[in-house]
Amino acid sequence: MQTVQTVTGRVDVETLGTTLMHEHLLVGWPGWEAEAMADRAARGDHRARCVEHMRELHAHGLRTLVDPCPIDLGRDVELMAEVAQASGVHIVCATGLYKEDEGAPVYFRFRTHWGDALGEMTELFVRELTEGVGETGIRAGVIKVATGVGRITPYEETVLRAAARAHRETGAPITTHTDQGTMGPQQLELLLGEGVPAHAIVIGHSCGASDVHYHLEMLDRGATLGFDRFGLEILHPDRERLAVLIGLLGLGFERQLVLSHDTVWCWRGRAPKLPAELLPHWKPTYVFETIVPRLRAAGVADAKIRTMLEENPRRYFRGEPAAEAISASG
Ligand SMILES: [Zn+2]
């Protein structure tokens with residue numbers, strides 16, 4: 001039996017079911033600890049909100065959720081375990097570090113100048129994948145890396161290389177953050193160069209680009225692309241995400257695409273005041289309520305939708321290539 005590491009233990013990969021590959025129960029920008037008291041006071045509310053979202057999602061058929069919160073964004077794996085237990089939805093948590101401009105605690109940045117950062121990060125990621133996060137005993141099941149707009153900084157490059165090495169030691173798959181539809185092909189190039197097979201890589205937030213050349217370049221190399229920011233119209237119009245997605249599905253790339261929203265359900269510290277009118281659709285059920293019906297209306301077969309929501313996550317965690325992945329000539 002092949003298994004996947006979730007926050008509540010290993011589960012049979014065949015039981016993953018419908019999976020959202022990129023949502024966040026809780027996020028805190030580095031520094032949230034300054035509001036630790038308010039954060040502790042809000043923990044019960046956070047837990048209740050997460051369980052409520054999970055119940056809504058369960059009613060839509062969701063059975064597994066990947067929360068790729070990296071080490072430095074307020075990750076709380078114990079909250080994830082409580083929510084998984086209360087809701088019956090599997091949660092896979094991540095090890096890994098965020099992009100330099102919004103993460104990169106000084107500790108890790110300093111180590112890149114004055115230590116063996118690559119070795120130390122690799123060791124840390126492997127430990128979180130094989131022994132557990134801190135003293136919780138809760139193990140990560142996926143490795144998260146991230147880059148900012150238009151370049152990969154030396155710090156981010158170190159994180160990517162450490163992730164690749166941790167993958168080679170453990171077999172855990174890698175999921176990435178990209179900004180504004182840039183640097184996906186460069187992330188892929190770097191990871192492939194470090195010996196990570198393409199089928200173990202999801203290039204996240206690929207729906208932030210509308211130039212199909214960007215997507216084809218990565219699909220032709222065998223990577224899976226995250227169309228995982230549906231509803232985040234403040235960053236990129238859903239209409240364009242859909243147009244590209246429908247086009248790629250029309251070409252037969254359904255085995256290399258996964259869907260999600262990148263929603264954040266709770267914030268550590270004080271929650272940012274996001275104007276609701278700017279994000280009317282940014283909720284974790286939007287794919288099921290709106291995107292799937294729109295795909296059907298555009299003529300996308302149910303089988304292709306199931307492939308993206310069920311089969312691809314399963315194959316990613318099984319560590320299996322998409323056998324029928326289309327090549328450039330296909
Ligand atoms: Zn995210």
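The values are calculated or read from the model by the stated rules, or taken from the named source; none is laboratory data. In this text, all values refer to a predicted model and were calculated from it rather than measured experimentally. Every residue, glycine among them, receives a Cβ derived from its backbone with ideal geometry; neighbour counts consider all protein chains shown. Accessible surface areas use protein heavy atoms only, side chains included; no ligands, DNA or RNA. Shrake-Rupley method; radii C 1.70, N 1.55, O 1.52, S 1.80 Å.
The set of residues in region 88-106 being open to solvent by 10 Å² or more (accessible area, probe 1.4 Å), in contact with a strand residue (DSSP E or B) (Cβ under 9 Å, 6 or more places away or on another chain) and free of Cβ contacts under 8 Å to residues at least 40 places away in the same chain consists of Gly88 alone.
Only one of the numbered conditions (1) in contact with a strand residue (DSSP E or B) (Cβ under 9 Å, 6 or more places away or on another chain); (2) in a loop (DSSP other than H, G, I, E, B) is violated by Thr136, and that is (1). Residues in region 53-71 that are within 13 Å of the ligand (Cβ to nearest atom) and not aliphatic (A, V, I, L, M): 4 in all. Filtering region 1-23 to residues that are open to solvent by 10 Å² or more (accessible area, probe 1.4 Å) and either within 16 Å of the ligand (Cβ to nearest atom) or basic (Lys, Arg) (or both) leaves Arg10, Met21. For region 29-57, filtering for residues that are open to solvent by 20 Å² or more (accessible area, probe 1.4 Å), under 19 Å from the mean Cα position of the chain (by Cα) and at pLDDT 95 or above leaves 1.
For residues that are closer than 15 Å to Gly132 by Cα and of a type in the set (A, V, I, L, M, F, W, C), scanning just region 72-90, find the one that is farthest from the ligand (Cβ to nearest atom).
Out of the qualifying residues, it is Ala81.
Scanning region 6-15 turns up at least one residue that is farther than 17 Å from Thr263 by Cα, at pLDDT 95 or above and within 17 Å of the chain's Cα centre (by Cα). Of all residue pairs spaced 6 or more apart or on separate chains, those with beta-carbon atoms under 6 Å, a first member in region 61-83 that is basic (Lys, Arg) and a second member that is surrounded by fewer than 23 Cβ atoms within 10 Å (Cβ to Cβ) are Arg63/Gly17; Arg63/Thr18.
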